[in-house]
Structures are given as C-alpha cells and as structure tokens.
Amino acid sequence: MPATRQRLYINIDHVATLRQARRGSEPDPLEAARVCENAGADGITAHLREDRRHIQDSDVRGLRKVIKTYFNLELACVPEMLAIAIAAKPEQVTLVPERREEVTTEGGLDLVRDPARIREAVERLRAAGIRTALFIDPSVEAVERSAEIGCDAVELHTGRYSHAPAESARLDEIRHAAERGAGLGLAIHAGHGLSIENVRPVSATREIEELNIGHSIVSRAVFIGLHAAVAEMKEAMCAARMFDVAPPPP
Ligand code: PXP
C-alpha cells in the first residue's frame with residue numbers, strides 16, 4: 001500500500017559542522033534538534049563519520065536523550081560504527097558508504113562487492129531492535145539487491161536529481177526505483193541535495209514515505225531561522241502530496 005503521509009527528518013550534521021569550525025559548543029546540534037521537532041519535523045537524522053568531522057560520539061548520546069520524535073543515525077557499515085549504533089539504540093540506522101576524502105556522501109552503498117557484510121550488519125541491528133535502511137543509488141537493480149539483503153527500507157540517493165532537476169531522466173530513475181522497491185515490500189526513503197526549489201516532484205512520488213534533508217534547510221536557517229526553514233519545507237511537502245489528502249473527483 002503506498003504511503004499517504006510523508007515524514008520529514010532533518011539532518012543536523014550541518015549545525016555540528018558550524019560548531020566544529022571553532023571546536024566550541026555552539027551552535028548546539030541538540031538545541032537544533034529541539035527546534036526542528038517544535039517546527040514539525042518528524043525525526044532527526046545525524047551522520048557519525050569515521051573522521052568525526054561534524055557529529056561527535058557525545059552528540060549521538062545526547063541526541064538519544066533529547067529526541068522525542070525519531071532518531072535516524074547514519075553510519076558506515078564497519079564494526080566500530082555498528083557497535084556505537086547498537087549501544088545508542090536509535091530507532092533507525094541508515095547504512096551509508098563512506099570514503100573519508102569525499103565532501104559529502106557522493107554515491108549509494110556498493111551492494112555487489114560484499115553483500116554478506118551488509119546482510120550481517122542488518123541482522124545485528126535488527127536483533128538490537130533497530131530498523132534498517134540502506135542508502136542506495138536510485139536504480140531498480142540496487143533496490144532489488146537491497147530486498148535480497150533483507151533491510152526494512154532503502155533511502156534513494158537524490159544527489160544526481162538535485163544537480164539536474166530539469167532532466168526528466170533523473171526523476172524517472174527515482175520514480176522507477178521507488179515503485180519497484182515498494183512492490184518488493186521495502187519502505188522507500190529519499191534524500192541528498194533536496195531543497196525548497198527541487199523537493200516537490202520527489203515529495204510527490206507516492207511511494208516515498210520519508211525525506212532526509214539537511215544542508216538546504218540549515219542554509220535557509222541562516223536567513224529566516226531554523227524553525228521557519230523547517231516549517232517551510234514541511235509546507236512544500238504537504239502541498240506536493242495534496243493528492244493523498246483530496247483525491248481528484250471521479
Ligand atoms: N541522506 C543521507 C544518507 C546523507 O548522507 C545526507 C547527507 O548527509 C542526507 C540525506 C542529507 O543531504 P543534504 O544535507 O544534502 O540535504
């Protein structure tokens with residue numbers, strides 16, 4: 001059954017990036033999480049990178065305490081990170097690829113090279129009561145491989161779409177992957193590079209039930225405040241999914 005309501009999770013790494021510029025205590029990602037929740041965010045996403053360039057281990061522990069909605073922890077599929085996740089017990093872990101030199105997560109997980117390692121991680125996380133998502137390229141093949149691995153959800157990488165939103169092929173690949181994934185029983189998430197300008201067609205994709213958005217919202221927050229930036233995105237998503245609220249007349 002396609003999702004009728006779409007969740008917005010705010011990625012607060014970018015608040016931690018600003019804090020790390022001075023290695024001080026502000027702006028505080030925990031306070032950002034509270035503001036986002038008050039503004040209508042359905043969950044908070046944070047990415048603990050192996051080089052700790054933004055989110056720190058203490059942030060993960062702190063976020064676990066303050067988040068009242070839903071905690072989605074993104075991390076690489078390596079033993080150190082899995083141990084941290086299992087100890088922190090977020091509601092959801094999204095497994096992401098990690099290459100230390102990249103500025104941001106530039107592609108989806110490699111599901112071909114070592115699927116057994118990912119399957120084992122999914123099983124360990126599930127045994128700890130944690131829902132699992134795999135961050136993958138938006139292709140039918142990647143979705144099918146994810147279903148074989150046995151995760152609960154896939155997050156479709158929207159980076160290529162975000163760089164060229166006018167190219168219909170980019171949106172088509174997201175839609176086809178979403179449709180195939182939902183058909184295989186996977187929950188469909190999406191994220192990366194989404195903004196108030198390009199979010200609507202992705203949001204309007206019926207099967208997509210969760211969006212993870214960070215950079216554009218924190219950037220908007222510099223000018224209009226974090227509460228307003230989150231509320232504005234939520235509003236854009238609601239407008240894009242009007243078909244769910246009021247189906248067209250027969
Ligand atoms: N989803 C995943 C898995 C990511 O790695 C990121 C970037 O940290 C995002 C979503 C959010 O991307 P952006 O910050 O471009 O909105």
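The values are calculated or read from the model by the stated rules, or taken from the named source; none is laboratory data. Keep in mind it's a predicted model, so treat the numbers as computed, not measured. Here the Cβ positions follow ideal geometry from the backbone for every residue, glycine too, while neighbour counts run over all protein chains shown. With ligands, DNA and RNA removed, areas are computed over all heavy atoms of the protein, side chains included. Shrake-Rupley method; radii C 1.70, N 1.55, O 1.52, S 1.80 Å.
Any residue that is part of a helix (DSSP H, G or I) and at pLDDT 95 or above - is there at least one of those in the range 37-51? Within the range 37-51, one or more residues are part of a helix (DSSP H, G or I) and at pLDDT 95 or above. Within the range 62-80, the set of residues being among the β-branched types (V, I, T) and within 16 Å of the ligand (Cβ to nearest atom) comprises V78 only. With respect to (1) hydroxyl-bearing (S, T, Y); (2) without any contact (Cβ under 8 Å) to a residue 40 or more places away in the chain; (3) buried (at least 20 other Cβ atoms within 10 Å of the Cβ), the lone exception for S168 is condition (3). Sub-6 Å Cβ pairs linking a first residue in the range 198-211 that is closer than 18 Å to A169 by Cβ to a second residue that is open to solvent by 10 Å² or more (accessible area, probe 1.4 Å) and in a loop (DSSP other than H, G, I, E, B), at least 6 apart or interchain, are N198/P165, ordered by first then second residue.
Counting only residues that are within 13 Å of the ligand (Cβ to nearest atom) and in contact with a helix residue (DSSP H, G or I) (Cβ under 7 Å, 6 or more places away or on another chain), the range 7-27 holds 6 of them.
Here is a yes/no grid of residues against (1) open to solvent by less than 50 Å² (accessible area, probe 1.4 Å); (2) part of a loop (DSSP other than H, G, I, E, B); (3) of a type outside the set (F, W, Y):
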residue: G62; (1), (2), (3): yes, no, yes
residue: K65; (1), (2), (3): no, no, yes
residue: L82; (1), (2), (3): yes, no, yes
residue: I86; (1), (2), (3): yes, no, yes
residue: L111; (1), (2), (3): yes, yes, yes
residue: R119; (1), (2), (3): no, no, yes
residue: E123; (1), (2), (3): no, no, yes
residue: G129; (1), (2), (3): no, yes, yes
residue: S146; (1), (2), (3): yes, no, yes
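Looking at E106, is it open to solvent by 60 Å² or more (accessible area, probe 1.4 Å) and either at pLDDT 95 or above or farther than 27 Å from S195 by Cα (or both)? Taking the combined requirement at face value, the residue does not satisfy it. If only one of L8, L18 is surrounded by fewer than 21 Cβ atoms within 10 Å (Cβ to Cβ) and either hydrophobic (A, V, I, L, M, F, W, C) or without any contact (Cβ under 8 Å) to a residue 12 or more places away in the chain (or both), which one is it? Criteria check complete, one pass: L18.
When each of R220, R206, R160, R180 is tested for being away from the ligand (no atom under 14 Å from the Cβ), part of a helix (DSSP H, G or I) and open to solvent by 10 Å² or more (accessible area, probe 1.4 Å), the lone residue that passes is R180.
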